[in-house]
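Below is one structure; the comments refer to it alone.
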Amino acid sequence: MNNRRNFLKTAAMASAAVALSSFTGKPEENEEPNNNLSDGKIRKPIVLSTWNFGLKANEAAWEVLKKGGRALDAVEAGVKIPEGDPTERSVGYGGRPDRDGRVTLDACIMDEMSNIGSVGCLEFIKHPISVARAVMEKTPHVMLVGDGALQFALAQGFPKENLLVPDSEREWKEWLKTSEYKPIANIENHDTIGMIALDADGNLSGACTTSGMAFKMHGRLGDSPIIGAGLYVDNEIGAATATGHGEEVIRISGSHLVVELMRQGKSPQKACEEAVLRVVKLMKNRNKDLKDIQVGFIALNKKGDYGSYCVQSGFNYAVYDDTGNKLINPEFYLK
Ligand code: ASP
């Protein structure tokens, strides 16, 4: 056990060191991901989540995982942390509103048996991830949006609350002066928490939740509530989740693509790189400026190997395994 611990620790430290060092180029064809377990062991439990707020979210998820709990319960508990935090202004309560001043939330969840649930454009409910889970467990459907999602949530006993905090309202009023919709890559006007976990039983689940792009058109859905775009889990293969400009993630069915690439034998790292290269290609084909967007993927396979890649610097993610909880800056395409 001690040996295994030491090995894991060394591997994780090496991984973090490589990930945090500066990178010089696009992914090399033969470049091996730095976080694979080479001795055939499985790194579990483990949980990964996007951005800085992933650290705190991972702590909550780890509480479930370390007791042998289910990955599904872990990811729900984890993402509820930023959802409930009014100072996190891109997820749940406190999230920035749409251009009409309405806080509209998107979330989805997927378990090891391919059960799925999702809500889109949901207002007044602090924890959309739990409503998504209720859609999954208590309805014959997989996705509810807008008014229908709200009615369902209220019928399930979720309290109706004002989610627009004074800071968000002030920013929105400021924004109204120009009313120019111009999301800026990496500026925290849109970050999503996507979380994927492998539990002690070797089962995978994922959750994804966001208030979406600040000042979006009312009714706009991003990738985050869309199974296959913002999140995908295949318990035989692995799991992936996305953050960044949802329109570009939807265009390539991003998270599903990452999982399918892992199915073809790619490591989580390689799979994320290839998916980002697909985003890059479609942006270039459409003569769009890559500098204007960010897309980041994180991925985890059945062995507990993980990886990440993004369009440009600025994205980070948090990993919690039995060596501890840490933030990693992944490699990126645009230098
Ligand atoms: N993907 C989210 C959306 O498009 C935003 C983000 O993750 O930055 O709504």
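In terms of its Cα atoms, the stretch 184-335 spans 43, 28, 26 Å along the principal axes, sorted from long to short. Computed in the context of the full set of protein chains, the accessible area of the chain at 1.4 Å probe radius has 51% of its extent on carbon or sulfur.
From the Cα trace of the stretch 59-128, what convex hull volume per residue do you get, rounded to a whole Å³?
Working: hull volume 5.2 nm³, N = 70.
Dividing the Cα hull volume of the stretch 59-128 by its residues yields 75 Å³.
Stokes-Einstein, applied to the Kirkwood radius of the chain over Cα pairs at a viscosity of 1.002 mPa s and 20 °C, places its translational diffusion at 110 µm² s⁻¹. Spatially, the stretch 290-335 and the stretch 115-172 are offset by 28 Å when compared through their Cα centroids.
Counting charges near residue 145 (Lys, Arg +1; Asp, Glu -1) among other residues having Cβ under 12 Å from its Cβ returns a value of -2. Taken over the stretch 208-277, the alpha-carbon convex hull comes to 74 cubic angstrom per residue. Of all complete DSSP H helices in the chain, those with a Cα span along the helix axis of 24 Å or greater and a mean Kyte-Doolittle hydropathy of 0.0 or more are 2-20.
In order along the stretch 198-208, the Karplus-derived 3J(HN,Hα) couplings, from 6.51 cos²θ - 1.76 cosθ + 1.60 at θ = phi - 60°, round to 10, 8, 5, 7, x, 9, 10, 8, x, 9, 8 Hz, and Gly and Pro are given as x. Taken along the Cα-to-beta-carbon direction at a fixed 7 Å, the label points for residue 292 and residue 247 span 0.7 nm. Ordered by 1.4 Å accessible area with all protein chains kept, 322, 292 run largest first as 292, 322.
Computed over protein heavy atoms with a 1.4 angstrom probe, the accessible surface ordering of 309, 181, 232, largest first, is 181, 232, 309.
Of the whole protein surface, residue 270 contributes about 30 Å² of accessible area at a 1.4 Å probe radius.
Compute the semi-axes of the equivalent ellipsoid of the stretch 97-149, taking the square root of 5 times each eigenvalue of the Cα gyration tensor, and list them largest first in whole Å.
Working: eigenvalues 96, 19, 13 Å².
Calculated on Cα positions only, the semi-axes equal 22, 10, 8 Å.
Of the listed residues 251, 170, the order by accessible area with a 1.4 Å probe, largest first, is 170, 251.
What percent antiparallel are the DSSP beta bridges of the chain, to the nearest 5? So the antiparallel bridges in the chain amount to around 85 percent. If you plug the beta carbon distance of residue 178 and residue 277 into 1/(1 + (r/R0)^6) with R0 = 35 Å, you get a FRET efficiency near 0.50.
Can you tally the net charge around residue 86? Count Lys and Arg as +1, Asp and Glu as -1, for every other residue whose Cβ sits under 13 Å from the Cβ of residue 86. Please list the in-between numbers first.
Working: positive: 89, 96, 126; negative: 83, 85, 88, 161, 167, 169.
Result for the neighbourhood of residue 86: -3.
Applying a 10 Å radius around every beta-carbon, put 221-230, 149-158 in order of their mean neighbour count, most first. Let's see the in-between values first.
Details: 221-230: 26.8, 149-158: 16.7.
In decreasing order of mean packing, 221-230, 149-158 become 221-230, 149-158.
Sorting the segments 50-60, 281-291, 203-213 by their residues' average number of neighbouring beta-carbon atoms within 10 angstrom, most packed first, yields 203-213, 50-60, 281-291.
The values are calculated or read from the model by the stated rules, or taken from the named source; none is laboratory data. Quick caveat, the model's predicted, so the values are computed rather than measured. Ideal geometry is used to build each Cβ from the backbone, glycine not excepted, and the neighbour counts take in all protein chains shown. Remember, those area values only see protein heavy atoms, side chains included, never the ligands or the DNA or RNA. Shrake-Rupley method; radii C 1.70, N 1.55, O 1.52, S 1.80 Å.
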